[in-house]
Amino acid sequence: MNFELTSEEKLVQETAREFAQKELKPIASEIDKNHKIPDEIIKKLSELGFFGVYIPEEYGGAGLSFLSYILVVEEISKVCASTGVMLSVHNSLTCNSIYMLGTEEQRSKYLPELTSGKKIGCFMLTEPEAGSDAANISTSIEKEGDFYVVNGNKIFVTNGGYRGYGILFATHNKSLRHRGISSFILDLETEGVNLTRNEDKMGLKGTYTSAFSLDSVRISKENILAEEGKGFKVAMELLDSGRVSIAAQALGMAEGAFDSAFEYSKTRKQFGKTINSFQAIQFKIADMAMKIEAARLLTYRAASMKDNHKNPILEASIAKTYASETANYVAKEAMQILGGYGYITEYDVERIYRDARITEIYEGSNEIQRMVISRMLLNK
Ligand code: CAA
């Protein structure tokens with residue numbers, strides 16, 4: 001078993017780390033407070049090729065491995081989880097879907113704008129009555145000549161506020177559940193696509209989490225992604241990749257919180273000694289480090305399976321669940337090490353603690369992941 005990164009992957013990791021530490025870390029708190037990733041950061045992410053990390057160069061992507069993309073999300077999330085999830089939804093749920101399932105026309109038409117960051121992608125699956133039970137969506141499709149006419153409501157759309165391109169899921173017949181669902185590429189500037197709100201949230205404040213009403217939205221038949229009625233499988237397959245990148249995001253957050261607490265423990269003195277000389281702190285450091293190491297190996301394994309053309313359904317769910325629970329554990333312990341300082345906004349641990357919470361919830365709650373894991377094991 002080879003745990004070594006290739007020289008190309010090491011270079012991507014170093015590039016992402018340097019950018020994250022030098023340019024993103026100093027403004028991460030500002031991004032959280034202003035609820036916005038600055039345009040200059042979007043421009044730099046585009047110059048670095050981070051809007052299409054594993055999309056081939058012919059479509060404007062960087063043409064790197066899936067693991068390289070995971071390393072980018074990890075390094076970025078270490079300092080700014082909002083930027084991490086913006087990239088994650090864009091790369092693995094939007095670019096990936098068009099690259100994996102799109103026709104040549106769809107790839108050439110949509111990917112260059114996405115990989116350049118000119119348009120930012122989103123994933124429009126969840127509805128008020130269809131969260132964990134994704135097959136229960138109600139957004140309806142009627143066929144009208146060369147068009148599909150779509151009506152309904154979508155919520156919790158990460159990146160929705162950019163109004164770029166979305167991967168939309170809707171049903172021809174709700175009683176068919178997953179067999180009635182189709183997927184489409186939707187330009188969010190299309191008439192009838194109404195952004196109804198951007199949510200105010202506990203964390204990830206630099207990202208948009210949007211709600212849309214879709215009122216007689218006309219989508220050309222050329223924009224269907226995969227065959228009619230195959231949309232649910234599309235969603236599930238995309239989420240398999242998406243879940244590996246949420247694992248990477250959570251891993252990055254855990255590492256960010258660990259680094260802060262570790263450094264703090266070296267300089268903070270109580271009872272005449274630095275606090276890292278107390279066993280109570282040393283054991284916390286050891287427990288945090290063990291969990292991070294395990295989360296990293298699980299995440300990289302799932303990513304390398306994708307590079308080896310294996311579908312990591314089980315492995316993605318394990319990595320996502322373990323890494324997200326690690327992020328929450330480490331953020332809590334890091335705050336404990338910093339004591340009162342961990343609770344104030346001057347230190348990044350407070351932000352990471354808020355940001356980490358969602359990783360146990362989105363792209364399939366950890367209860368759903370446990371359902372997937374046990375089903376996979378029982379059906380083997
Ligand atoms: N890959 C491919 N196909 C899959 C699959 C997978 N991982 N999982 C299921 N399928 C297929 C099944 O084989 C089945 O196909 P057939 O009918 O041909 O046999 C079909 O899909 C239906 O499968 P199930 O019977 O297992 O479906 P279910 O209704 O029991 O639901 C579920 C399965 C795993 C619970 C699914 O509903 C699920 O993942 N729910 C969570 C939804 C979710 O993750 N939402 C995230 C929203 S996006 C988001 O959060 C992004 C963001 O903005 C950050």
Item to check | Rel. contact order, % - alpha carbon contacts under 8 angstrom, at least six apart, the chain | outcome: 16
Next on the checklist: Using just the Cα positions, wrap the stretch 121-229 in a convex hull and report its mean projected area in square nanometres, one decimal place.
Outcome noted: 6.5
Item to check | the stretch 7-115, Cα convex hull volume normalised per residue, Å³ | outcome: 86
Checklist entry - Within the chain, what's the longest stretch lacking chymotrypsin sites (Phe, Trp or Tyr not before Pro) that sit in DSSP loops with no more than 16 other Cβ atoms inside 10 Å? => result 4-270
Next on the checklist: Using the basic label-point model (7 angstrom from Cα toward the beta carbon), what is the residue 103 to residue 58 distance in nanometres?
Outcome noted: 1.7
Checklist entry - Size of the chain along its principal axes in angstrom, Cα-based, largest extent first? => result 79, 47, 41
Item to check | Spacing of the two label points (7 Å from each Cα toward its C-beta) at residue 216 and residue 7, in nm | outcome: 6.2
Checklist entry - For the chain, which whole-number percentage of the solvent-accessible area (1.4 Å probe, protein heavy atoms only) is attributable to carbon and sulfur atoms? => result 52
Next on the checklist: Can you compute the label reach from residue 14? Point 7 Å from Cα along the Cβ direction, backbone N cut-off under 18 Å, restricted to the stretch 34-61.
Outcome noted: 48-49
Item to check | Zone residues, the stretch 48-92, relative to residue 201, backbone N less than 17 Å from point 7 Å out along Cα-to-Cβ | outcome: 73-74, 76-92
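Restricting to DSSP H runs of at least four residues, report the calculated mean residue ellipticity at 222 nm for the chain, -39500 (n - 2.57) per run over all residues, nearest 500 deg cm²/dmol.
On the way: 13 runs with 188 residues, N = 380.
-16000 deg cm²/dmol, from helical runs alone.
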Next on the checklist: Once each part is reduced to its C-alpha centroid, what is the distance from the stretch 13-30 to the stretch 260-318 in angstrom?
Outcome noted: 20
Checklist outcome for this item: So for R0 = 30 Å, FRET eff. of residue 25-residue 233 from the Cβ-Cβ r, to 0.05, ends up at 0.15
Next on the checklist: Under 13 Å from a point placed 7 Å out from the Cα of residue 267 along the Cα-to-Cβ direction: which residues of the stretch 311-351 have their backbone N that close?
Outcome noted: 347-348
Item to check | Principal axis box of the stretch 154-292, alpha-carbon based, largest edge first, Å | outcome: 71, 28, 24
Checklist outcome for this item: Result for the chain: accessible area per residue, probe 1.4 angstrom, in square angstrom, of 45
Item to check | Relative contact order (percent, whole number), the stretch 233-379, Cα cutoff 8 Å, 6+ residue spacing | outcome: 33
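The values are calculated or read from the model by the stated rules, or taken from the named source; none is laboratory data. Everything numeric here is computed off the predicted structure, so don't read it as measured data. All Cβ positions, even for glycine, are placed from backbone atoms using ideal geometry, and neighbour counts span all protein chains on display. These accessible areas exclude ligands, DNA and RNA; they are computed on the full protein's heavy atoms, side chains included. Shrake-Rupley method; radii C 1.70, N 1.55, O 1.52, S 1.80 Å.
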